[in-house]
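Encoded as structure tokens, here's the structure I'll be asking about.
The values are calculated or read from the model by the stated rules, or taken from the named source; none is laboratory data. Computed from a predicted structure; not experimentally measured. Cβ sites come from the backbone with ideal geometry, for glycine too, and all protein chains shown count toward neighbours.
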Amino acid sequence: MIKLLHLSDVHLGARFQMLGERGREHRRQLQETFARAIGIACEEPVDLVLIAGDLFDSPHQSESTISFVREQFRRLEARGIPLCLIAGNHDPFEEGGVYAVGRFEQCSNVTLFGTTPGSKVFSQLDLTVFGSSPSPGSGRSPLAGWKVERQTRFAVGLVHGSIYRSGQVEGPATIHPEEIRGLGLDYLALGDWHSCQRVLGPPTTAWYSGSPEFLSLDQEGAGHVLLVTLEEPGSALEEPGSAHVRPVRVGRRSYKKIELEISALPVEEIKARILQEADPDLIMDVILKGFIQPGISISAAELEEDLGGHFFRLRVRNESSLRLEDLDEQDFPEGTVLGRFVRLMRKRMEELDPAERPLLEEALQLGVGLLQGREVL
């Protein structure tokens, strides 16, 4: 039996501008989470660590970031745990880049696969690792040119790229499931997608580990590494072993999106519903839906300001609307300033392009509230 740790898409050095002033804090968190993943490899302990690309967010990194990674690699080296890695599409091989000669060669336990498909035999494990880094602009599947000749009891692979999905536009560098099955590996460690998910089951098991920490808005399913156990195959060496995969959560932060129906809800109730999700490590996306009454103005920016301290990052989008057919002009006498305002705005909304309606609806809501002397949010 062999135990592997599979991770990918760490994106060390990412800037996180969408997190504003908290971007720097989360950039440090990526390092802490990567160190936690290496800690799991040491504690288990595993026989081999696989990093399937995009360890870095770009090919040019600070010396402090590179030194940090070397320190983590040396933790494995001290435990006698080898590590195999490939570059990704964010940190590709290029002159002067992060994978330039001399960066990680001093770590004796590290095997870095270049853009030409290669293999590494670990005789003490009776295991062969096959891998190749993406070749930018090649227009070919990342598995093109692979030749898997099983000479050991176990065989696994490392690749970075997008798998074919039915109904999706297919690019020239897409990986097809048939290619994976044809390799005859016990396990294929995939990188590129940021959500943890299985692609294929036995006999050639293939998984995306996903990113071990939150990376972007609208990203769910991140925060894991994979512990992979390869069971002994049958008596014939040609028969692949059975890979058992266990996702292990290592990420600190998570992302969640909710749609909140706010029709007939007072502002305080809207706030209360959002606060039900309060978590200092949650990146929260709230979309306000439904219809609201004239004079009830909902400001997404003010909700973010008032409630943002209860989350790591709160984003509110107001997609609610005013149903004009429910607007009874009898409630707004024509001879009043308020009545005149409502009629002018309604007429303008009926005349203009529908694409401009949301802005005018917001102006109508705000104007009615102010003219009625209400406190608006």
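Can you tell me how many residues within the stretch 255-264 are outside any loop (DSSP other than H, G, I, E, B) and either β-branched (Val, Ile, Thr) or surrounded by fewer than 12 Cβ atoms within 10 Å (Cβ to Cβ) (or both)?
Final tally of qualifying residues: 1.
Taking only the stretch 266-296 into account, find how many residues are within 16 Å of residue 317 (Cβ to Cβ) and assigned to a loop (DSSP other than H, G, I, E, B).
3
Regarding the stretch 213-222, can at least one residue be identified that is without any contact (Cβ under 8 Å) to a residue 12 or more places away in the chain and either farther than 20 Å from residue 55 by Cα or not in a loop (DSSP other than H, G, I, E, B) (or both)?
no
Among the strands (runs of 3 or more DSSP E) contained in the stretch 45-154, which hold 3 or more residues that are out of contact with any Gly (no Cβ under 7 Å at 6 or more places or on another chain), within 16 Å of residue 190 (Cα to Cα) and modelled with pLDDT of 95 or more?
Passing ranges, in order: 48-52.
Taking into account only those residues within the stretch 265-286 that are aliphatic (A, V, I, L, M) and closer than 12 Å to residue 298 by Cα, which is surrounded by the most Cβ atoms within 10 Å (Cβ to Cβ)?
270
Any residue in the stretch 1-28 that is at pLDDT below 95 sitting within a Cβ distance under 9 Å of a residue that is crowded, with 21+ Cβ neighbours inside 10 Å and of a type in the set (Lys, Arg)? List the pairs, counting only those 6 or more apart or interchain.
That search, which allows pairs on different chains as well, returns 18/313; 19/313; 20/313; 22/313.
Would you point out the residue of the stretch 75-90, among those that are of a type in the set (A, V, I, L, M, F, W, C) and surrounded by 13 or more Cβ atoms within 10 Å (Cβ to Cβ), that is farthest from the chain's Cα centre (by Cα)?
Top of the filtered list is 81.
Filter the stretch 223-253 down to residues that are modelled with pLDDT of 90 or more and part of a loop (DSSP other than H, G, I, E, B) and give me whichever is surrounded by the fewest Cβ atoms within 10 Å (Cβ to Cβ).
Among those residues, the one meeting the criterion is 252.
Here's a follow-up. Using the structure shown, decide if residue 195 is farther than 15 Å from residue 86 by Cα, surrounded by 15 or more Cβ atoms within 10 Å (Cβ to Cβ) and in contact with a strand residue (DSSP E or B) (Cβ under 8 Å, 6 or more places away or on another chain).
So residue 195 passes the test.
Let me ask something else about it. Tell me which residues, restricted to the stretch 127-164, are within 26 Å of the chain's Cα centre (by Cα) and hydroxyl-bearing (Ser, Thr, Tyr).
132, 133, 135, 138, 141, 162, 164, listed by residue number.
Given 113, 93, 154, which one is over 25 Å from residue 13 (Cβ atoms) and either crowded, with 16+ Cβ neighbours inside 10 Å or not assigned by TED's automatic domain parsing to the domain that holds residue 37 (or both)?
154
The rows are residues; the columns are (1) out of contact with any Ser or Thr (no Cβ under 8 Å at 6 or more places or on another chain); (2) over 27 Å from residue 195 (Cα atoms).
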{"site": "95", "(1), (2)": "yes, yes"}
{"site": "124", "(1), (2)": "yes, yes"}
{"site": "132", "(1), (2)": "no, no"}
{"site": "151", "(1), (2)": "no, yes"}
{"site": "155", "(1), (2)": "no, no"}
{"site": "165", "(1), (2)": "yes, no"}
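If you go through the stretch 316-370, how many residues are modelled with pLDDT under 70 and small (Gly, Ala, Ser)?
Summing the residues that are modelled with pLDDT under 70 and small (Gly, Ala, Ser) in the stretch 316-370 gives 1.
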